[in-house]
Amino acid sequence: MSKKLWGTRFAKKTSTLTDRFTSSISFDKKLAKYDILGSIAHAKMLGVQRIIPVKEAALIVKGLKFILRDVIRRKIKFDPQAEDIHSNIQDLLLKKIGKVANKLHTARSRNDQIALDVKMYIKDEIKELVDLLALLQKSILKLANNNSKVIIPGYTHLQIAQCVLLAHHLLAYIESLERDKTRLLDAKERADLMPLGSCALSGTSLPIDRDFVRKELRFRGVTANSIDSVSDRDYILEILADLSILSVHLSRIAEDLILWSTKEFNFIDIDFSFCTGSSIMPHKKNPDVLELIRGCVGKIQGDFSSVLILMKGLPLSYNRDMQLDKPPLFNAIDTVKDILQILEAVFENIIIEKEAISAKISDESLFSVDIVEYLIKRSVSYRDAHDIVGRIIRDCLDKGKNISGLTNQELRRYSPKLSSDVKKILNAQESVNLKASYGGTNPKFVNNQLNNWKKRLNA
């Protein structure tokens, strides 16, 4: 096992139970690349500032670059008994260049080192998440654009409501995912402050140059308070909060697709490659991938909750509890990345069941609001118009009769403002065409939005 960085002061070895319980190498090895990159920048600074000899700094940097190359090529076998990734890298460097490696940890602590590693990891992961979100948006946009004239029944309370363009519904997904992107980018901005140089909690008396390290690692600034630098985990909480919101959006999208693929809805057909069958019912085609996406959301929100609760009672500054912030962070990010990739592929292979949808939009209850607004345009108050249409629905649709079958005389019994020309609006195309408010489902507005998103996503 690697020699502990703090072991000299202890007169007795720690129990193997303690070693096993406190070790974090099983999960923080994921940060190896960032730990080495941070160490390279730190070693360069130590040399430039003459805190250690320039030649020794150069030797340390050379050794770290060899280790980094092997990490990237996955040739490194991490010591499962190492205390953490910092100790493991330090031990690898010691074997590579000898005792000069012992000078690397000058003017830093694992407290500011881990904060640096995680921030660097988060910045890279946010970039990848945003790129994956954009790919999912493009996949949804493609489906919307290829079916821009398809009209579906929209729902509220899972009850049939009004006609909307399928593209309008799909664009709603794109809007929500765009908010997720901006939230992640906002989080990245706040994570982009370099904590190294804060040391354990109070800084150092050595003449370090934090700005040099900042520039080497491409942070936009340095943290201003050394205590806050090592005790803050807002950047982890914020990305987990953002991922929790994103996961809700992904779950709702999955749920729509699950419903739409049922025989009861029959709006879409999901490709066989994203479904599974039943061990007892040969006819089944189950959207298991989408159901698992829906289920994974509980894990992601649990990850956020676990870190939030972890941090809530901790005094300043660093506490070992904070070691446990990384597994939920890694899990949430990896899970969301998997979901984004599979959802993109699902949308690429969806088939729209246009004939089945067409049968659904003949239901005249979809046009009740259009009749209300027809009456309002003829100077009938909203309240009276609502009551008039309510009576028509009660007498006709609730009894299995179509409003379009009423004669002009029968219509006028409900209101003298009604005439047979109201029947012209009892169809899905006219219903969507009538929508005049910005952001609505009118085909002109929706086509404009499709074109806007093509430009924004470079699709």
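Residues being surrounded by 19 or more Cβ atoms within 10 Å (Cβ to Cβ) and part of a loop (DSSP other than H, G, I, E, B): count how many of those fall in the stretch 427-459.
Total meeting the criteria: 3.
Looking only at helices (runs of 4 or more DSSP H) that fall completely inside the stretch 1-114, which ones have 3 or more residues that are closer than 26 Å to Ile208 by Cβ and not basic (Lys, Arg)?
On the way: elements: 16-22, 25-28, 32-48, 54-72, 85-97.
Result: 32-48, 54-72, 85-97.
Select from the stretch 199-218 the residues that are part of a loop (DSSP other than H, G, I, E, B) and among the aliphatic types (A, V, I, L, M) and list them in ascending order. Outline the logic, then answer.
Filtering the stretch 199-218 for residues part of a loop (DSSP other than H, G, I, E, B) gives 199-209, 218.
Listed by number, the residues that qualify are Ala200, Leu201, Leu206, Ile208.
List the number of the failed condition for Arg378; all other conditions in (1) outside any helix (DSSP H, G or I); (2) touching a residue at least 60 places away in the same chain (Cβ under 8 Å) hold.
That leaves (2) as the condition not met.
Within the stretch 77-99, work out how many residues are β-branched (Val, Ile, Thr) and open to solvent by less than 30 Å² (accessible area, probe 1.4 Å).
So in the stretch 77-99, the residues β-branched (Val, Ile, Thr) come out as 85, 89, 97.
If we keep only those that are open to solvent by less than 30 Å² (accessible area, probe 1.4 Å) too, we end up with 85, 89.
Final tally of qualifying residues: 2.
Which of the residues that make up the stretch 163-214 are among the small types (Gly, Ala, Ser) and more than 23 Å from Asp234 (Cβ to Cβ)?
We begin by selecting, within the stretch 163-214, every residue among the small types (Gly, Ala, Ser); these are 167, 172, 176, 187, 191, 197-198, 200, 202-203, 205.
Once the filter is applied, which keeps residues that are among the small types (Gly, Ala, Ser) and more than 23 Å from Asp234 (Cβ to Cβ), the stretch 163-214 yields Ala167, Ala172, Ser176, Ser205.
Take the residues in the stretch 248-278 that are assigned to a loop (DSSP other than H, G, I, E, B) and of a type in the set (A, V, I, L, M, F, W, C); name whichever of them is surrounded by the most Cβ atoms within 10 Å (Cβ to Cβ).
Just the residues of the stretch 248-278 that are assigned to a loop (DSSP other than H, G, I, E, B), to begin with: 261-267, 270-271, 275, 277-278.
Going one step further and asking which of them are of a type in the set (A, V, I, L, M, F, W, C), we end up with 265, 267, 270, 275.
Working: Phe265: 18, Phe267: 22, Ile270: 20, Cys275: 17.
So, considering only residues that are assigned to a loop (DSSP other than H, G, I, E, B) and of a type in the set (A, V, I, L, M, F, W, C), the one surrounded by the most Cβ atoms within 10 Å (Cβ to Cβ) is Phe267.
Using the structure shown, decide if Pro327 is surrounded by fewer than 18 Cβ atoms within 10 Å (Cβ to Cβ) and part of a helix (DSSP H, G or I). Let's see the steps before the verdict.
Values: surrounded by fewer than 18 Cβ atoms within 10 Å (Cβ to Cβ): yes; part of a helix (DSSP H, G or I): yes.
Answer is yes for this residue.
Return the total of residues in the stretch 219-234 being surrounded by 16 or more Cβ atoms within 10 Å (Cβ to Cβ) and not in a helix (DSSP H, G or I).
The total comes to 5.
Hey, can you tell me all the residues within the stretch 341-362 that are closer than 30 Å to Arg391 by Cβ and open to solvent by 60 Å² or more (accessible area, probe 1.4 Å)?
Across the stretch 341-362, the qualifying residues are Ser358, Ala359, Lys360, Ser362.
Can you give me the number of residues within the stretch 279-302 that are surrounded by fewer than 20 Cβ atoms within 10 Å (Cβ to Cβ), farther than 24 Å from Leu240 by Cβ and touching a Ser or Thr at 6+ places or on another chain (Cβ under 6 Å)?
3
Between a first residue in the stretch 326-344 that is under 18 Å from Gln137 (Cα atoms) and acidic (Asp, Glu) and a second residue that is assigned to a helix (DSSP H, G or I) and open to solvent by 50 Å² or more (accessible area, probe 1.4 Å), which pairs have beta carbons less than 6 Å apart while being 6 or more apart in sequence or on different chains?
Glu344/Leu135
In contact with a Lys or Arg (Cβ under 6 Å, 6 or more places away or on another chain) and not in a loop (DSSP other than H, G, I, E, B), is that true of Leu366? Quick ask: steps written out before the conclusion?
Working: in contact with a Lys or Arg (Cβ under 6 Å, 6 or more places away or on another chain): no; not in a loop (DSSP other than H, G, I, E, B): yes.
Spelling it out, it is not the case that Leu366 is in contact with a Lys or Arg (Cβ under 6 Å, 6 or more places away or on another chain) and not in a loop (DSSP other than H, G, I, E, B).
For the stretch 146-161, which positions are farther than 18 Å from Glu353 by Cβ and either buried (at least 20 other Cβ atoms within 10 Å of the Cβ) or out of contact with any strand residue (DSSP E or B) (no Cβ under 7 Å at 6 or more places or on another chain) (or both)?
From the stretch 146-161, those farther than 18 Å from Glu353 by Cβ are 156-159, 161; that's our starting set.
Thr156, His157, Leu158, Gln159 - these are the residues of the stretch 146-161 that are farther than 18 Å from Glu353 by Cβ and either buried (at least 20 other Cβ atoms within 10 Å of the Cβ) or out of contact with any strand residue (DSSP E or B) (no Cβ under 7 Å at 6 or more places or on another chain) (or both).
Check Leu196, Leu237, Leu185, Leu170 and return the single one that is buried (at least 22 other Cβ atoms within 10 Å of the Cβ) and not in a loop (DSSP other than H, G, I, E, B).
Values: Leu196 fails: not in a loop (DSSP other than H, G, I, E, B); Leu237 fails: buried (at least 22 other Cβ atoms within 10 Å of the Cβ); Leu185 fails: buried (at least 22 other Cβ atoms within 10 Å of the Cβ).
Just one listed residue meets the conditions, Leu170.
Residues checked against (1) among the basic types (Lys, Arg); (2) loosely packed, with under 15 Cβ neighbours inside 10 Å; (3) touching a Gly at 6+ places or on another chain (Cβ under 8 Å):
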| residue | (1), (2), (3) |
| --- | --- |
| Tyr374 | no, no, no |
| Ile388 | no, no, no |
| Ile393 | no, no, no |
| Thr407 | no, yes, no |
| Leu418 | no, no, no |
| Lys424 | yes, yes, no |
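Would you point out which residue out of Asp338, Asp398 is closer than 30 Å to Leu434 by Cβ, open to solvent by 70 Å² or more (accessible area, probe 1.4 Å) and assigned to a helix (DSSP H, G or I)? Explain how you work it out, then say what you get.
On the way: Asp338 fails: closer than 30 Å to Leu434 by Cβ.
Just a single option satisfies the conditions, and that option is Asp398.
Exactly one of (1) part of a helix (DSSP H, G or I); (2) under 24 Å from Asp117 (Cβ atoms); (3) open to solvent by 40 Å² or more (accessible area, probe 1.4 Å) is unmet by Tyr318. Its number?
(1)
Residue by residue through the stretch 343-379, note down the ones that are in contact with a helix residue (DSSP H, G or I) (Cβ under 6 Å, 6 or more places away or on another chain) and closer than 30 Å to Leu31 by Cβ.
Selection gives Leu343, Glu344.
The values are calculated or read from the model by the stated rules, or taken from the named source; none is laboratory data. Given the structure is predicted, the values throughout are model-derived calculations rather than measurements. Counting neighbours? That spans all protein chains shown, and the Cβs are built from the backbone with ideal geometry, glycine included. For accessibility, only protein heavy atoms count, side chains too; no ligands or nucleic acids. Shrake-Rupley method; radii C 1.70, N 1.55, O 1.52, S 1.80 Å.
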